[in-house]
């Protein structure tokens, strides 16, 4: 492996170590009770290194936000020829069923992700910022592909609709996992929801942007 590749691997490993360490401390003690100094000490890195990877303490909770944004953008930019954006997002939402085991683990832990966010105003604001940035970035990608004018509201409306569908379907999936149903029942209900939502959206969004 080249030196550049080794450096990138080291950065990725360090970032993951810091994120995992922070998550463990937040679950054990609570978000407000843990300082960045304590996270750095537990991860055996400097405080500066923590901030090099995560500019704010809130970013430590939302460390998967970039991954989520990349997946949503890939549904637009990297979809196969002939596949509509609506169908690409439908596939993305259908694949949420693979998250059932991880959701079970999160719900079984004290102070899981949503427990942390719902109990903290600064994290709620951060979640709003993350979602707003995702919708803005997706709208830009849609506008670029559609060749839309700068003042065209349609890309933003389509982006908000798609992200809203994605978030709502995921929330319902978590609620079903929390209800205690078995995985097969949960997945069947989730796929039914996905079909209903995207069949309803097809009349309005099916050919946007025109190919």
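The values are calculated or read from the model by the stated rules, or taken from the named source; none is laboratory data. Owing to the predicted nature of the structure, the values given are computational and were not obtained by experimental measurement. Counting neighbours? That spans all protein chains shown, and the Cβs are built from the backbone with ideal geometry, glycine included.
Only a single item in (1) under 30 Å from residue 110 (Cβ atoms); (2) surrounded by 13 or more Cβ atoms within 10 Å (Cβ to Cβ) is not met by residue 142, and it is number (1). Do we have any residue at all in the stretch 6-15 that's surrounded by 15 or more Cβ atoms within 10 Å (Cβ to Cβ) and either part of a helix (DSSP H, G or I) or more than 24 Å from the chain's Cα centre (by Cα) (or both)? Yes, the stretch 6-15 contains a residue that is surrounded by 15 or more Cβ atoms within 10 Å (Cβ to Cβ) and either part of a helix (DSSP H, G or I) or more than 24 Å from the chain's Cα centre (by Cα) (or both).
Screening residue 92 on (1) over 30 Å from residue 158 (Cβ atoms); (2) in contact (Cβ under 8 Å) with a residue 60 or more places away in the chain; (3) assigned by TED's automatic domain parsing to the domain that holds residue 169 shows it passes everything except condition (1). Could you tell me whether residue 163 is within 22 Å of residue 204 (Cα to Cα), out of contact with any helix residue (DSSP H, G or I) (no Cβ under 7 Å at 6 or more places or on another chain) and surrounded by 15 or more Cβ atoms within 10 Å (Cβ to Cβ)? When the stated conditions are applied, residue 163 does not pass them. Only residues that are out of contact with any helix residue (DSSP H, G or I) (no Cβ under 7 Å at 6 or more places or on another chain) and without any contact (Cβ under 8 Å) to a residue 12 or more places away in the chain were counted in the stretch 29-55, giving 8.
When each of 19, 43 is tested for being outside the structural domain of residue 173 (by TED's automatic domain parsing) and under 30 Å from residue 179 (Cα atoms), the lone residue that passes is 19.
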